[in-house]
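Nothing in this text is a laboratory measurement; each read-out follows from the coordinates by a stated rule. Not measured: the values here are computed from a predicted model. Please note: Cβ atoms are built from the backbone with ideal geometry, for glycine as well, and neighbour counts cover all protein chains shown.
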Amino acid sequence: MNWVRTGVGDPPYWSREVAFEDVSHTGCGEVHRYWDVLRGGRLAPAWEELDLLSLPADIIPHVRVVDVIDGGADFHYRYWGTGLVDVCNGERSGQSLFEKTNPRREVAISEYRRVVDTRAPYYYAYNANWRDHQADLHAPAARFPLSSDGESVDKVLSYVDFRQDRASWKRFFETTPL
């Protein structure tokens with residue numbers, strides 16, 4: 001399993017790549033199945049094809065979508081679910097990832113670029129702490145390519161399943177890379 005790590009913040013924040021089978025029973029699996037049906041045999045569905053209201057109501061608040069700018073030189077949040085406002089301590093719709101410093105920015109940029117470069121979904125265990133004195137948030141997460149032209153990734157759909165038991169996802173972080 002691969003690690004994505006940033007030294008920003010104390011402690012550093014990581015993501016750990018996991019197999020689809022590790023997240024298939026979570027909301028990530030539900031989003032994957034919806035995304036897969038929409039894409040059919042194509043690279044990915046277009047943003048305009050998504051109907052977020054087709055997802056379960058408890059998933060929608062933790063969905064976000066970024067616009068890919070200049071092939072991944074920048075990312076702008078197009079959609080930031082209301083549940084993320086509370087968890088991540090603020091609204092990000094319309095903002096660039098580069099506008100604000102946050103503990104997971106470098107990790108998120110790396111993950112978004114991976115989806116753009118590979119043109120494939122990315123599944124990972126999420127680890128962050130967005131508020132002072134809050135326990136780390138461990139959860140399953142996924143990022144999915146979106147494509148308006150069927151060839152390049154111009155948006156990325158993301159979901160973190162904060163409904164899951166944090167302790168069960170902490171196991172992915174019990175040993176850290178050197």
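Just a few scattered comments:
- Relative to the current alpha-carbon distance between ARG42 and ASP149, full extension at 0.36 nm per residue lengthens the span by 37.5 nm.
- Among LYS155, LYS100, sorting on how many other beta-carbon atoms sit within 10 Å of each Cβ, with the fewest leading, yields LYS100, LYS155.
- A full extension of the chain between ALA57 and THR101 corresponds to an added length of 12.8 nm, given 0.36 nm per residue minus the alpha carbon distance.
- Counting beta carbons within 10 Å around each of LEU84, LEU97 and listing the fewest first gives the order LEU97, LEU84.
- Rounded to whole numbers, the Karplus 3J(HN,Hα) couplings from phi for region 49-64 are 7, 6, 10, 4, 5, 7, 7, x, 4, 7, 8, 3, x, 10, 9, 9 Hz, using 6.51 cos²θ - 1.76 cosθ + 1.60 with θ = phi - 60°, and x at Gly and Pro.
- Whole-Hz ³J(HN,Hα) from phi, Karplus 6.51 cos²θ - 1.76 cosθ + 1.60, for region 141-154, glycine and proline x: 8, 8, 10, 10, x, 10, 9, 7, 10, x, 10, 10, 8, 10
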